[in-house]
Amino acid sequence: MVKSDSEREVRGHRRDGDVTRTHILEVAGQLFAERGFANTTSKQVCLQAKTNTAAVNYHFGSYQGLYMAVLQEVHQRLLSLDYLNALADSALPARDKLAQFVESLIYDLLENRSWHTRLWARELMTPSAYAVTAVQTYALPKFGVIHRLVAEVSGLALDSPALQRCVLSVMAPCMVLLVVSHELDTPLKPILQQPTAVLVEHIKIFMFAGLDALSHHQSTPKVAR
């Protein structure tokens, strides 16, 4: 079927609009990661993106809408919810699911150090006014899936306080890798200079050893004193 000139024009504008939106998003993400939301102005984003406020409002509704779109992009890039749900629902053994999650996350944090990881680290260390909304909208659903993965391995109930502590133990090393500086000469720098595969294997060994020990402790009858 031959498309009319008007149809081609509409499709062309749509493609151009998608390119413009993506460009603004990338430029804004880099600036926000470098300076933080509070120290980045709409004018700076527009100048860097070679666009105007009207384009920001058209694609994102407002400057604040642009920031929320940037945070959404961060969570799409760092192990999306779709990926986690697919992993949790897969036929893999429970331990393999959790191992794959941890491995994928650590490789994302160490091998793909982009503005996405730097911006989310900034949000965790010095939260913006939109941090709570971002956590509730994008992070908490992911944590729900992670709870499921850890519950499968540990055998703990989803509403168990012990499960919450297990999730903390699993996530803590990953969060440290997210927020620790790769440039500053800190005590952790030698660890970051080791091969990622070595660090991944080390964390998985500790993680499963801890979960196995806790599972054994939970199932061992307590002797009355």
Set ILE191, ILE205: member being modelled with pLDDT under 95, of a type in the set (Val, Ile, Thr) and not assigned by TED's automatic domain parsing to the domain that holds GLU26: ILE191
Can you pull out the residues in the stretch 200-220 that are of a type outside the set (Lys, Arg) and under 21 Å from LEU109 (Cα atoms)? VAL200, GLU201, HIS202, ILE203, ILE205, PHE206, MET207, PHE208
Pairing a residue in the stretch 136-161 that is farther than 19 Å from PHE208 by Cα with any residue that is aliphatic (A, V, I, L, M), where Cβ atoms lie under 8 Å and the two sit 6 or more apart in sequence or on different chains, gives TYR138/LEU71; TYR138/VAL74; TYR138/LEU81; PRO141/LEU81; LYS142/LEU79; LYS142/LEU81; LYS142/LEU84
Per the list (1) in contact with a helix residue (DSSP H, G or I) (Cβ under 9 Å, 6 or more places away or on another chain); (2) exposed (fewer than 13 other Cβ atoms within 10 Å of the Cβ); (3) modelled with pLDDT of 90 or more, residue check on GLN218 breaks on (3)
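The values are calculated or read from the model by the stated rules, or taken from the named source; none is laboratory data. Remember, predicted model here, so these are calculated numbers, not experimental data. Cβ sites come from the backbone with ideal geometry, for glycine too, and all protein chains shown count toward neighbours.
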